[in-house]
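First comes the structure, then the notes that go with it.
The values are calculated or read from the model by the stated rules, or taken from the named source; none is laboratory data. Nothing here was measured: the structure is a model prediction, and the numbers come from that model. For neighbour counting, all protein chains shown are included, and Cβ atoms are generated from backbone atoms with ideal geometry for every residue, glycine included. Side chains are part of the model used for accessible areas, which takes the heavy atoms of the whole protein and leaves out ligands, DNA and RNA. Shrake-Rupley method; radii C 1.70, N 1.55, O 1.52, S 1.80 Å.
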Amino acid sequence: MPRPSLFVTRKLPPDVEARLARDYEAELNEADDLPARETILAGAAGKDGLLVTVTDRIDGDLIRALPETVKVIATFSVGYDHIDAAHAGARGVMVTNTPDVLTEEVADTALGLLLCTARDFCKAEQWVRQGRWEKDGPFPLSRSTLRGRKVGIFGLGRIGQAVARRLEAFGLEVAYHSRRKVEGVDYAYFPSLIELATHVDTLISIAPGTPETEKAVNRQV
């Protein structure tokens, strides 16, 4: 039985490319340049599927132009908002992603950004690297803290819940807004984003980038 054939749009980690070479007839993008629409269509000719990344915009027009041989579009990412999944489904093309592979890593990063913002860690590091502690003295005390903060999470999915668990460990109050109330969690739920924003002093957005969420965090929020 012939192995499935793929066009891989971007350079991937060596171990991933080794597995692709083992299990598939994979045409790799050795140049690792951002492929144009014409390059993707040419690479897809005669292939069973596409392996793309978040930098590739696979919109409805491109999906309609794909060869009929293409039956799957796999994205090397958690999010798939760069792919018009509705158009793909209408054409009978399956869209796959890697939903859990980066959940904990993204949550760690979110907490790191929060700590750096509240405690000026990035500025303090530059103060040391520039030798200012010798000529200007100690770095000024941080003007803010995590203590007593109420944190709102916009989008309590897998990643949102991983962020919430970390916030709980810091002893912070957590609330959230999602399209619907999430079963099995005790965090306060607010049916609208503006209500959540009114209640908290820190807002973390984990919502996917879709037309429904575009500009959701607006001037009023």
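Under 8 Å by Cβ, and 6 or more places apart or on different chains, what pairs join a residue from the range 117-129 that is open to solvent by less than 80 Å² (accessible area, probe 1.4 Å) with one that is among the β-branched types (V, I, T)?
Partner pairs satisfying both residue conditions: A118/T145.
Based on what the data block shows, is E134 farther than 24 Å from D108 by Cα, free of Cβ contacts under 8 Å to residues at least 60 places away in the same chain and not in a strand (DSSP E or B)?
Here the answer is yes, as E134 does meet what is asked.
Taking the condition of being without any contact (Cβ under 8 Å) to a residue 12 or more places away in the chain and open to solvent by less than 90 Å² (accessible area, probe 1.4 Å), how many residues in the range 97-116 meet it?
Total meeting the criteria: 3.
Within the range 127-165, can you find the residues that are within 18 Å of the chain's Cα centre (by Cα) and of a type in the set (D, E, K, R)?
R158
Give the residues of the range 89-121 that are among the hydrophobic types (A, V, I, L, M, F, W, C), within 15 Å of the chain's Cα centre (by Cα) and not in a helix (DSSP H, G or I), sorted by residue number.
If the condition is that a residue be among the hydrophobic types (A, V, I, L, M, F, W, C), within 15 Å of the chain's Cα centre (by Cα) and not in a helix (DSSP H, G or I), then V101, L102 are the ones that fit.
What number of residues within the range 56-88 are surrounded by fewer than 20 Cβ atoms within 10 Å (Cβ to Cβ), out of contact with any Ser or Thr (no Cβ under 7 Å at 6 or more places or on another chain) and assigned to a strand (DSSP E or B)?
Residues that pass the stated criteria total 0.
Do we have V151 as in contact (Cβ under 8 Å) with a residue 60 or more places away in the chain and either open to solvent by less than 40 Å² (accessible area, probe 1.4 Å) or β-branched (V, I, T) (or both) here?
No; evaluated as a whole, the condition is false for this residue.
Which of the residues spanning the range 163-174 are surrounded by fewer than 19 Cβ atoms within 10 Å (Cβ to Cβ) and either touching a Ser or Thr at 6+ places or on another chain (Cβ under 6 Å) or not basic (K, R) (or both)?
Passing the criteria: E168, A169, F170, G171, L172, E173.
Quick one: which residue in L172, L196, L167 is modelled with pLDDT of 95 or more and in contact with a His (Cβ under 9 Å, 6 or more places away or on another chain)?
One residue alone meets the criteria, L196.
Residue by residue through the range 15-55, note down the ones that are open to solvent by 30 Å² or more (accessible area, probe 1.4 Å), under 18 Å from T98 (Cα atoms) and within 21 Å of the chain's Cα centre (by Cα).
Matches in the range 15-55: V16, V54, T55.
Of the residues V217, V185, only one is among the hydrophobic types (A, V, I, L, M, F, W, C), under 23 Å from the mean Cα position of the chain (by Cα), more than 30 Å from D59 (Cβ to Cβ) and part of a loop (DSSP other than H, G, I, E, B); which?
V185
Condition test on P140, is it closer than 16 Å to I206 by Cβ and out of contact with any helix residue (DSSP H, G or I) (no Cβ under 6 Å at 6 or more places or on another chain)?
No: the conditions fail for P140.
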